[in-house]
1. Residues in region 67-81: is at least one loosely packed, with under 11 Cβ neighbours inside 10 Å, at pLDDT 85 or above and β-branched (V, I, T)?
2. Only one of these is in a loop (DSSP other than H, G, I, E, B) and within 15 Å of I122 (Cβ to Cβ): L51, L55. Name it.
3. What number of residues within region 108-135 satisfy the criterion of being of a type in the set (A, V, I, L, M) and in contact (Cβ under 8 Å) with a residue 12 or more places away in the chain?
4. From the list V96, V142, which residue is among the aliphatic types (A, V, I, L, M), farther than 18 Å from C33 by Cα, surrounded by 15 or more Cβ atoms within 10 Å (Cβ to Cβ) and modelled with pLDDT under 90?
5. Right, R99: closer than 24 Å to G15 by Cβ and touching a residue at least 12 places away in the same chain (Cβ under 8 Å) or not?
6. Can you pull out every residue in region 70-94 that is in contact with a helix residue (DSSP H, G or I) (Cβ under 9 Å, 6 or more places away or on another chain) and either under 12 Å from Q121 (Cβ atoms) or assigned to a helix (DSSP H, G or I) (or both)?
7. Among the residues of region 41-63 satisfying the criterion of being among the polar types (S, T, N, Q) and over 13 Å from the mean Cα position of the chain (by Cα), which is farthest from D108 (Cα to Cα)?
8. Does any residue of region 74-85 turn out to be touching a residue at least 40 places away in the same chain (Cβ under 8 Å) and closer than 24 Å to V20 by Cα?
Amino acid sequence: MPVGVKYPGSSMPPGLVPYVVCASFCTELYLKCLVLLEGKSYELLHSYRKLFDALEADTQASINKIFDDLCIIDPHPAGIKEDLDAVLTDTSNAFVSWRYLYEKDPCDPPSNRLILTLRKQILKQRPELMQLLEALNDPKPVT
């Protein structure tokens with residue numbers, strides 16, 4: 001079981017599993033979106049590692065840079081060096097692992113930093129989507 005997930009009595013805090021499942025699915029969808037933005041298709045899979053590896057080298061390099069920049073701006077509180085390759089590998093099957101938690105111990109949960117990195121990459125490739133996000137975040141009252 002991932003470090004920090006096991007609590008006294010082997011129970012997890014309420015809401016943790018649904019949060020991790022949703023965050024895992026979000027990470028997977030962002031990666032699939034990036035694959036599609038490159039005009040490619042993907043197999044029916046949930047592996048972050050395989051989806052990331054399907055991206056063009058320049059997209060991978062851009063994602064690495066965004067991730068590293070976020071690590072500098074907001075370092076891990078425990079001083080742990082975060083590495084994109086390790087995050088992708090350690091959390092690669094998080095969606096399936098946490099969605100079917102009752103079947104076996106889960107892998108590490110997805111990184112919030114990874115989710116933000118992928119979102120930034122999508123907006124870098126498709127800046128017009130920012131207008132849509134702004135509209136969704138600032139809904140006009142219904143009259």
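The values are calculated or read from the model by the stated rules, or taken from the named source; none is laboratory data. All values derive from a computational prediction rather than experimental measurement. So basically every Cβ, Gly included, is an ideal-geometry build from the backbone, and we count neighbours across all protein chains shown.
1. yes
2. Among L51, L55, only L55 is in a loop (DSSP other than H, G, I, E, B) and within 15 Å of I122 (Cβ to Cβ).
3. Total satisfying the criteria: 5.
4. Just a single option satisfies the conditions, and that option is V96.
5. It is true that R99 is closer than 24 Å to G15 by Cβ and touching a residue at least 12 places away in the same chain (Cβ under 8 Å).
6. Scanning region 70-94 gives L70, C71, L84, D85, V87, L88, T89, A94.
7. Result: S41.
8. The answer is no, given that none of the residues of region 74-85 is touching a residue at least 40 places away in the same chain (Cβ under 8 Å) and closer than 24 Å to V20 by Cα.
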